[in-house]
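Notes for the one structure printed next.
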Amino acid sequence: MVLHHSLTANWQFRQAETDTWYPAQVPGGVHTDLLAAGLIADPFVADNEKRVQWIAATDWQYRCTFTVAADLLAQPRIFLVCDGLDTLAELSLNGQVLGQTENMFRQYRWDVTALLHAGDNELSILFRSPLEYVAPRQAERPMTGVSHAIPGGPYLRKAPCQFGWDWGPKLPPIGIWQAIRLEGRSVARFDDVRLMQQHQDGAVVLEAAVSLDRWQADDLTVMMHITGPDDRTITTKAALDGNSHTLAVTIDQPQLWWPNGYGDQPLYQVDLHLTDGKHVVDQRYYQVGLRTLELRQVDDAWGKSFTFVINGLPIFAKGSNWIPADSFPTRLTTDHLETLIRAAADTHQNMLRVWGGGFYEEERFYDLCDQYGILVWQDFIFSCSIYPMDDDAFLDNVRQEVIENVRRLRHRASLALWCGNNEMEWGWESWGWAGSVYMDELEALKDKMPELKQLTRQMGGHKTSVDWELLRDAYEQFFFTLLPAWLAEEDTATPYWPSSPSSNTLFHDTNGQVQGDAHYWEVWHGGRPFTAYRDQFPRFMSEFGFQSLPPLDTVRTYADEADWNMTSYIMEHHQKNDSGNGLIINQMTQTFRMPKDFAALVYLSLVLQAEGIRYGVEHWRRNMDRVSGTLYWQLNDCWPVASWSSLDYFGRWKALHYASRRFYAPLMLSIEDAPPQMGLHVTSDLTQPWSGSVRWSLEALTGEVLEAGEEAVTASPLSSTPLRTLDFTDRIADDNRRQVVFVAELWQKGERVALNVGIFVPNKHLALVDPQLAVDVHQQGDQLVIDLAAQSLARFVEVSLEGADVVFSDNYFDLPAGRPVSLSCPLPPGLSIDQARAVLRVRSLYDSF
């Protein structure tokens, strides 16, 4: 039999070599434990981040005392299992050293049978400072890394962004970050279970290849029990002659799993039991979706395609990039995680890229992606840096990390791609990595982080010689030979891609538009206008983005009102990208009038971000015969900050997230504006033809129609349909272009499906007047319904309930004159309809200046 004893209770911690112990939470970490004990201020508030830098430069000790039940002590084998230790841990049980760890992405297991006894047992874990570990190694042989991060991170198998990024703080956690337990076992355990699918003749053969770790020669039987989404069950079993066996069952009339928007997500439960005739000695449980997946790369008129094909259907990948949802990941609740994943699904997203600067996510993340139909582009955890891949010990450590995580995730319906790294190939090709590195960056940290003075004394800013050719060759060997070979042994069903971006041709046209995927950052980092997106035709756009401030309620959590200024010290501390606030303002002045106050500035930054990303996505979806996906940077935040996210740290929807529900809609109406010309397009992800009409009008801001028409539309499935281009050269002149707009609406059977507005001048030059918004509020069931109408064009209408976090059916939308709309949101608990009316706030672009 198998017996589990959780070891998540009764923990204490202390700073190493000190006398005072404090209560600890497990899973947890030093920062959150210190915060709970009232020993530090919240690192997310003001500039408190700077005041806790000493924590990661210090050693810490955790201990717990526990007793073991007699039936567990009687088991032939007892293992201590640590699902995640962050990161440099030295473990002792009852005074006996068990071993050391140096990889937060691995599970560690020790046989502790001989060390446990009746009565009290004590487990002690000493965590060494990650900074003390990386600093001398970086001094001896510097690895090029991220300028916003504490140098040396590539030497340690720890989430790179925890050392700092251009959206995240320098707060490297330390502690027991995942479950820890004792496992008592009698005969054997599953060492590996590999589930494989064979789709043929309308049926699916599901195979389970099992291998065992056994220490007794008892007769064993393995049983596989499958429960379908309709509760039908299939069971098979086999006696084991050796330590491995493959079971297979045929599932007739299978219910196929589809990405969000293309079908349902039926899931099969697969249970495997290992028995000795009397007892279950081990068991595994899996959630499985039945589907086929292909990354189709075939020659075409523009080079080579990069299209994900699910169940034979080529899809357009619509999504975003995922980063760790909290700088202290053990604080993330399942409810909040689901809020974030559901928010992606609610905006028609079907793919998230788990970015290589974070970590392999926990099971609950992939459970939710399976359930919501979100494909996962999974990076291995290497990002924007050079790693010591010529070091055998480093490679051995990484190999175990790869094997464990591939085995853990390969059965997932949501798993779409293994990607070697983030932007490293691009770095080698284009960022000037092949050269010597100075240690000025790490030396400069001494003044900001006094704890590093002793660690950096030896560096002195001197030049350190590095064999760049050796490291470049090691990169090629790892990502083009070793890693794909390891994957070929563990997972042949999921495609592999060496880097993002990549052309799959080593160091050649890495970020090109002929084949592979691309990252486009010239709008943000290069300061180019949003129109530059239309010059790009990548085969798959896996990164692009533009920043905004978070909503004002989030700004309040870290900045006092006295600091509400874009160039204040606190506002710039919560902007980790160099000159980021200035880049926002620069683009804002090209688009909008200067805001009248800070609240208006926050609003404009949100709208600006949404408009920029909309501009790009609409263009690429119009060209879906050439471009097969867009993943904007980024979905979420790890702390309250100005960033590229569409959902802030608390899960609040920014304007971008509302806009994504429109520009990622299965049926998208877009305007390709080239004033005085306006081109109309309908893009469809539907699998069947769609028929309706487009109504358009050239009209004054106040609604007077200058010219109008209606076009019948038959949108072909899985394609973009250009309708017509209207030329208003004879209608638009310098004396009226500020007072005239183009309005297009998509209709079907008396219902408006979409609305879009085209303008002939920048928004800042529109001659907007007070739209005199009429607002009516009433209740329907548990929903608050808001009816809105405007007497003149209201651009980017924002609706909010002061003091309440709700998601509206639409927000930050255009409301032309004479076109009333109804919105809804859940009525917050405890809020009456009269109270809702009192706290309702509505504004538009006109109110920002």
Item to check | Rg and Dmax [Cα atoms of the range 319-404; Å; Rg one decimal, Dmax integer] | outcome: 14.7, 46
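Tell me the Kirkwood hydrodynamic radius of the chain in angstroms, computed as one over the mean inverse distance between distinct C-alpha pairs. Intermediate results must be reported in sequence, preceding the final value.
Values: mean 1/r = 0.0343 Å⁻¹.
Kirkwood radius, the chain: 29.2 Å.
Where both residues lie in the range 38-161, what percent of DSSP beta bridges are antiparallel, nearest 5? List each step's numbers first, then the result.
Numbers: 23 of 24 bridges.
The antiparallel fraction comes to roughly 95 percent.
So, for the chain, what is the accessible surface per residue at a probe of 1.4 Å, expressed in square angstrom?
Numbers: 31620 Å² over 849 residues.
With the other protein chains kept in place, the chain gives 37 Å² per residue.
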Next on the checklist: To make sure I understand the rule: partners must be aspartates and glutamates, Cα under 15 Å from the Cα of K304, and not fewer than 8 residues away in the same chain. Which ones qualify?
Outcome noted: E294, D509, D517, D625
Next on the checklist: Beyond 19 Å, how much of the Cα-Cα pair distribution for the range 136-272 remains, as a whole percent?
Outcome noted: 69
Checklist entry - Taking every eigenvalue of the Cα gyration tensor of the range 49-119, multiplying by 5 and rooting it, what semi-axes result, largest first, whole Å? => result 29, 14, 10
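For the range 501-592, which GluC sites (Glu not before Pro) are in a loop by DSSP, counting at most 16 other Cβ atoms within 10 Å?
Filter output for the range 501-592: E522.
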Next on the checklist: How much length would be gained if the chain were fully extended between W110 and R232, taking 0.36 nm per residue of separation minus their Cα-Cα distance, in nm to one decimal?
Outcome noted: 40.0 nm
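Given a 1.4 angstrom probe, I'd like the percentage of the accessible area of the chain that is carbon and sulfur, rounded to a whole number.
On the way: 14530 of 31620 Å².
Carbon-and-sulfur percentage of accessible area, whole number: 46.
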Checklist entry - Across bins of 10 angstrom width beginning at 0, how are the C-alpha pair distances of the range 519-576 distributed, in whole percent? => result 19, 36, 25, 17, 2
Next on the checklist: Need one number for the range 645-762: average projected area of the convex hull over its C-alpha atoms, nm².
Outcome noted: 9.0
Checklist entry - Can you give the translational diffusion coefficient of the range 505-552 in µm²/s, computed by Stokes-Einstein from the Kirkwood radius over Cα pairs at 25 °C and 0.890 mPa s? => result 203
Item to check | Highest-first arrangement of 391-399, 548-556, where packing means the average Cβ count within 10 Å | outcome: 548-556, 391-399
Checklist entry - Simple spin-label model, 7 Å along Cα-to-Cβ: W215 to Q100 in nm? => result 2.5
Checklist entry - Could you work out the helix-only [θ] at 222 nm for the chain, with each DSSP H run of four or more residues adding -39,500 (n - 2.57) and the total divided by the number of residues, to the nearest 500 deg cm²/dmol? => result -5500 deg cm²/dmol
Next on the checklist: Set the bar at 21 Å for Cα to Cα. Now go through K318/K764; K318/K654; K318/K749; K158/K318 and name every pair that lies beyond it.
Outcome noted: K318/K764; K318/K749; K158/K318
Item to check | Given charges at Cβ of Lys, Arg, Asp, Glu: the chain dipole, positive-most of S822, L332, T567 | outcome: S822
Next on the checklist: Considering only C-alpha atoms, what is the centroid distance from the range 357-378 to the range 232-295, in Å?
Outcome noted: 19
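Among the complete DSSP H segments of the chain, which ones combine at least 20 Å of alpha-carbon extent along their axis with a mean Kyte-Doolittle hydropathy of 0.0 or more? The partial results should precede the final answer.
Details: long enough: 392-409 (25 Å, -0.48); 598-622 (36 Å, 0.33).
The qualifying helices are 598-622.
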Checklist entry - How big is the range 480-611 on each of its three principal axes, counting only the C-alpha atoms and giving the largest first in Å? => result 58, 33, 22
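The values are calculated or read from the model by the stated rules, or taken from the named source; none is laboratory data. Just so it is clear, the model here is predicted, and its values are computed rather than measured. As a convention, Cβ positions derive from the backbone with ideal geometry for all residues, glycine included, and neighbour counts pool all protein chains shown. Remember, those area values only see protein heavy atoms, side chains included, never the ligands or the DNA or RNA. Shrake-Rupley method; radii C 1.70, N 1.55, O 1.52, S 1.80 Å.
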